[in-house]
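As structure tokens, the structure follows; a few thoughts come after it.
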Amino acid sequence: MSANPIRVDLQLIADMVEPGGRALDVGCGDGSLLAYLVNFKRVDARGMELSQAGVNACVANGLSVIQGDADTDLGDYPDDAFDYVILSQTLQATREPRAVLKQMLRVGKRAIVSFPNFAHWQVRLRLVFGGRMPETPSLPFKWYDTPNIHLCSIDDFRALCRDMGVRVERAVVLNRNSRRIHMPPLLANLFGEQAVFMLRRD
């Protein structure tokens with residue numbers, strides 16, 4: 001069986017998950033990552049999705065998904081229930097990002113988080129010279145209809161991990177073409193459009 005292509009950031013997340021493990025994908029959307037983990041990495045993968053349409057799409061494809069909210073429903077899971085808890089392109093849409101991360105690292109031995117970088121150079125230029133909230137491929141919404149309520153930069157996220165005493169095991173930064181970039185943190189924060197972090201309790 002050949003794998004259907006998935007988003008680059010989702011492929012990076014899948015590569016961080018060891019075969020045969022247990023994973024919870026929070027905000028799993030249509031289940032693209034879940035299906036890949038189940039079919040190609042033999043992962044016992046479960047999902048949580050806020051939208052009923054997303055839940056329906058996942059269940060229709062035979063995936064184990066429940067309707068739930070990252071801000072309120074992670075507390076229902078016991079400690080260390082999963083090897084990995086995944087939050088892809090959703091952290092910035094949560095009401096309490098710090099609390100969500102804390103719950104992820106309680107429920108899972110590791111947390112994998114991806115998010116758009118609000119400090120990307122295009123965002124900076126559009127805000128400084130355009131004077132309006134920027135729209136980019138990774139931040140495609142108008143300011144008045146965006147689901148993103150806690151935008152952050154890569155440096156902001158690293159600082160939060162330090163404040164929480166969370167260990168960053170891996171960090172991958174992607175440019176606007178979804179290609180990995182290998183740069184010092186200052187430049188990565190400028191040229192990275194999105195980032196994928198794997199975290200562990202310290």
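General remarks:
- In the stretch 26-35, the qualifying residues are those that are within 16 Å of the chain's Cα centre (by Cα) and not in a loop (DSSP other than H, G, I, E, B), and the one that is nearest to residue 101 (Cα to Cα) is 26.
- Qualifying position, being modelled with pLDDT of 95 or more, within 21 Å of residue 139 (Cα to Cα) and among the aliphatic types (A, V, I, L, M), among 26, 43: 26
- When residues of the stretch 58-82 are limited to those that are in contact with a strand residue (DSSP E or B) (Cβ under 7 Å, 6 or more places away or on another chain) and open to solvent by 30 Å² or more (accessible area, probe 1.4 Å), the one nearest to residue 22 (Cα to Cα): 80
- Of note, residue 119 satisfies the criterion of being open to solvent by less than 40 Å² (accessible area, probe 1.4 Å) and either in contact with a Ser or Thr (Cβ under 6 Å, 6 or more places away or on another chain) or aromatic (Phe, Trp, Tyr) (or both).
- Among the residues here, residue 46 does not qualify as of a type in the set (D, E, K, R) and farther than 26 Å from residue 102 by Cα.
- Cross-chain or 6+ apart pairs with Cβ under 9 Å, the stretch 126-149 first and within 14 Å of residue 115 (Cβ to Cβ), then surrounded by fewer than 11 Cβ atoms within 10 Å (Cβ to Cβ) and at pLDDT 85 or above: 146/140
- Figure legend. Inter-residue proximity from the stretch 24-40: first residues buried (at least 21 other Cβ atoms within 10 Å of the Cβ), second residues of a type in the set (S, T, N, Q), beta-carbon distance below 7 Å, spacing 6+ or different chains. Indicated pairs: 26/90; 27/88; 27/90; 31/61; 33/88.
The values are calculated or read from the model by the stated rules, or taken from the named source; none is laboratory data. Quantities reported herein were computed from a predicted structural model and do not represent experimental measurements. Note that each Cβ is placed from the backbone with ideal geometry, even for glycine, and that neighbours are counted across all protein chains shown. Heads up: the accessible areas ignore ligands, DNA and RNA and are worked out on the full protein's heavy atoms, side chains in. Shrake-Rupley method; radii C 1.70, N 1.55, O 1.52, S 1.80 Å.
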